[in-house]
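Worksheet: the structure to be examined is printed underneath.
The values are calculated or read from the model by the stated rules, or taken from the named source; none is laboratory data. This one's a predicted model, so the numbers in the text were calculated from it and none came from an experiment. Don't worry about glycine lacking a Cβ; one is built from the backbone with ideal geometry, like all the others, and counts go over all protein chains shown.
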Amino acid sequence: MILLFVTGDQYNARKLVSRSSISNALDKSERRPASLRAGKVNMDVDLEVEERLYLGLDFGTSGARYALIDKEGKIRAEGKREYPLYMSEETIDWVKSWRATLFGLLEDIPVSFRPAVASISIDGTSATTMIVDSRTGEPLCKPLLYNQSCPEALPTVKAIAPANHTVCSGSSTLCKLVSWWSSSDAPNISAVLLHQADWLLWLLHGKLGVSDYNNALKVGYDPEVESYPPWLLSQPYSSLLPRVQAPGTTIGSIKESIRTQFGFPEDCVICTGTTDSIAAFLAARANQPGKAVTSLGSTLAIKLLSTKRVEDARFGVYSHRLDDKWLVGGASNTGGAVLRQIFTDDQLEKLSQQINPAETSPLDYYPLQEVGERFPVADPKMEPRLHPRPESDVEYLHGILESIARIEAKGYNLLKELGATPVEEVFTAGGGSKNEKWIKIRERVLGLPVHKALQTEAAYGAALLAMKGAFAQ
């Protein structure tokens, strides 16, 4: 990996950029600690005359990334930054941190590539909510993060929303809005609600009050009819709701001050974004109904592209709109965190090599970190089942991996029972995608082709949205 800290003069967009010019820019660069930022650039492909590139930025839970791709989807440059932990009143000043990270990532883009950037899009964490001044865009309160809950607002939300609606969760965007509105001065303040990605994009285009229908789902927006429902519009705080567009829609041109600061072209446009999990799905290029992505991280999450919208709050199943299709998802409490409780990474690698994935394990487990399951079984009292443990650690690991695969299969079967398009092919993301034996076990249990996704970074998915917006012009 090349640590990429590029500064220097801007290049003319019509000039053929060679590998040597990039190398020279690297030589002139001002280096900072690798823990703050790191990246790599594809030096094997020259930038052609009038070639256009598409920039995606991902703001995740612990840091941010960028991916710069060409029209063929090839990554031309990428990098990442940790969030600087600015403190304010003994808490992290996330607004300052996100702003600094955004402009830091833009600085990290190779100077020679910037004049070719045609469009930019950003994804952010779902339900991370900001209430900002509708005139200045400056936050009126601290951001309410994706995992923050506002239980005091839940009774109010449940009283107006349909039963089992997506907003009927203490961590929903609507609960966060209601919680803020209930504060003493809120009704007298000129404000607008934005999500994390919306606000970051606003810093680039300058038009307040624009969101996308993936981020807006948890505030109550109905992507099927493309409007907010009457029960929400009748509330006194409905004036704070942002205008909603499809992800990857052009909002407008990049601000002149940003363009000149970083050397982007005059015709560079800013496009609506999405959530980080949906951007990660887009990165896998699973773009046909029946294609799915299983994320094998600390937990097991599945997302399936369907022609039909599926919702069932009992299992935490809901659908995001993707153009004329639906992305149906569910998440189990099983997953890699259970494996880490039992084995080290080194043990997992060595034991996995000894497993015969063609053989069926007779062991029947339900691996959980703690009591409670949500999908594909809704049972808050379900106990972890990891016994009996055989003498052989290879057999034990085989049994756990196969049991997680069975849970994955039950998940896809449940989505089918609820009316989703049957799964035909599964792409794999997350740490578990590196385990080839596990992929073969899952292929046998699912009875379907299972592959490792070639791209899994949400920043890549955001770059695809940027490309979509540029091509739609």
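Observations on the model:
- Test: residue in segment 248-258 that is of a type outside the set (A, V, I, L, M, F, W, C), within 15 Å of the chain's Cα centre (by Cα), surrounded by 24 or more Cβ atoms within 10 Å (Cβ to Cβ) and more than 30 Å from SER112 (Cβ to Cβ): no
- Matching residues, segment 329-360, being touching a residue at least 60 places away in the same chain (Cβ under 8 Å) and surrounded by 14 or more Cβ atoms within 10 Å (Cβ to Cβ): GLY330, SER332, THR334, GLY335, GLY336, VAL338, LEU339, LEU348, SER352, ILE355, PRO357
- The number of residues in segment 132-184 being farther than 24 Å from LEU201 by Cβ, under 23 Å from the mean Cα position of the chain (by Cα) and surrounded by fewer than 19 Cβ atoms within 10 Å (Cβ to Cβ) comes to 3.
Rundown of residues vs (1) crowded, with 16+ Cβ neighbours inside 10 Å; (2) at pLDDT 95 or above; (3) under 24 Å from ALA286 (Cα atoms), yes/no style:
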{"position": "GLU383", "(1), (2), (3)": "no, yes, no"}
{"position": "GLY399", "(1), (2), (3)": "yes, yes, no"}
{"position": "GLU408", "(1), (2), (3)": "yes, yes, yes"}
{"position": "ASN413", "(1), (2), (3)": "no, yes, yes"}
{"position": "THR421", "(1), (2), (3)": "yes, yes, yes"}
{"position": "TRP438", "(1), (2), (3)": "yes, yes, yes"}
{"position": "ARG442", "(1), (2), (3)": "yes, yes, yes"}
{"position": "ALA463", "(1), (2), (3)": "yes, yes, yes"}
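- Yes/no for ALA429 being among the small types (Gly, Ala, Ser), modelled with pLDDT under 95, touching a Lys or Arg at 6+ places or on another chain (Cβ under 9 Å) and over 25 Å from LEU448 (Cα atoms): no
- Considering only residues in segment 243-264 that are among the small types (Gly, Ala, Ser) and in a loop (DSSP other than H, G, I, E, B), the one that is farthest from PHE103 (Cα to Cα) turns out to be ALA246.
- On inspection, VAL210 qualifies as in contact (Cβ under 8 Å) with a residue 12 or more places away in the chain, within 30 Å of SER190 (Cα to Cα) and surrounded by fewer than 23 Cβ atoms within 10 Å (Cβ to Cβ).
- Qualifying residue in segment 214-228 (condition: buried (at least 22 other Cβ atoms within 10 Å of the Cβ), in a loop (DSSP other than H, G, I, E, B), of a type in the set (Phe, Trp, Tyr) and touching a strand residue (DSSP E or B) at 6+ places or on another chain (Cβ under 8 Å)): yes
- Where a residue in segment 423-438 is in a loop (DSSP other than H, G, I, E, B) and its partner, wherever it lies, is surrounded by fewer than 23 Cβ atoms within 10 Å (Cβ to Cβ) and of a type in the set (Lys, Arg), with Cβ under 7 Å and at least six apart: GLU424/LYS291
- Scope segment 239-293; condition touching a helix residue (DSSP H, G or I) at 6+ places or on another chain (Cβ under 6 Å), at pLDDT 95 or above and under 17 Å from VAL426 (Cβ atoms); matching residues: LEU282, ALA283, VAL293
- Hits in segment 285-314 - residues which are of a type outside the set (A, V, I, L, M, F, W, C), under 20 Å from TYR460 (Cβ atoms) and surrounded by fewer than 24 Cβ atoms within 10 Å (Cβ to Cβ): ARG285, ASN287, GLN288, LYS291, GLY297
- Residue count, segment 174-195 (criterion: hydrophobic (A, V, I, L, M, F, W, C), without any contact (Cβ under 8 Å) to a residue 60 or more places away in the chain and not in a loop (DSSP other than H, G, I, E, B)): 6
- Check on ALA38, closer than 20 Å to LYS142 by Cβ and either at pLDDT 90 or above or not in a loop (DSSP other than H, G, I, E, B) (or both): no
- Members of segment 203-222 found to be of a type in the set (A, V, I, L, M, F, W, C) and more than 14 Å from THR129 (Cα to Cα), listed by number: LEU203, LEU204, LEU208
- Tally of residues being among the β-branched types (Val, Ile, Thr), under 21 Å from TYR366 (Cα atoms) and under 24 Å from the mean Cα position of the chain (by Cα) across segment 408-456: 2
- If you go through segment 73-106 and keep only what is buried (at least 16 other Cβ atoms within 10 Å of the Cβ), over 19 Å from ALA197 (Cα atoms) and more than 20 Å from the chain's Cα centre (by Cα), you end up with just ARG76.
- Each residue in segment 315-328 was checked for being surrounded by fewer than 18 Cβ atoms within 10 Å (Cβ to Cβ) and touching a residue at least 12 places away in the same chain (Cβ under 8 Å), and 2 of them qualify.
- Within segment 365-407, the set of residues being farther than 17 Å from SER332 by Cα and touching a helix residue (DSSP H, G or I) at 6+ places or on another chain (Cβ under 9 Å) comprises ARG389, PRO390, SER392, ASP393, VAL394, TYR396, LEU397, HIS398.
- Every residue from segment 344-362 that is in a helix (DSSP H, G or I) and among the hydroxyl-bearing types (Ser, Thr, Tyr): SER352
- Identity of the residue in segment 196-207, of a type outside the set (Phe, Trp, Tyr), assigned to a helix (DSSP H, G or I) and in contact with a strand residue (DSSP E or B) (Cβ under 8 Å, 6 or more places away or on another chain), that ends up surrounded by the fewest Cβ atoms within 10 Å (Cβ to Cβ): HIS205
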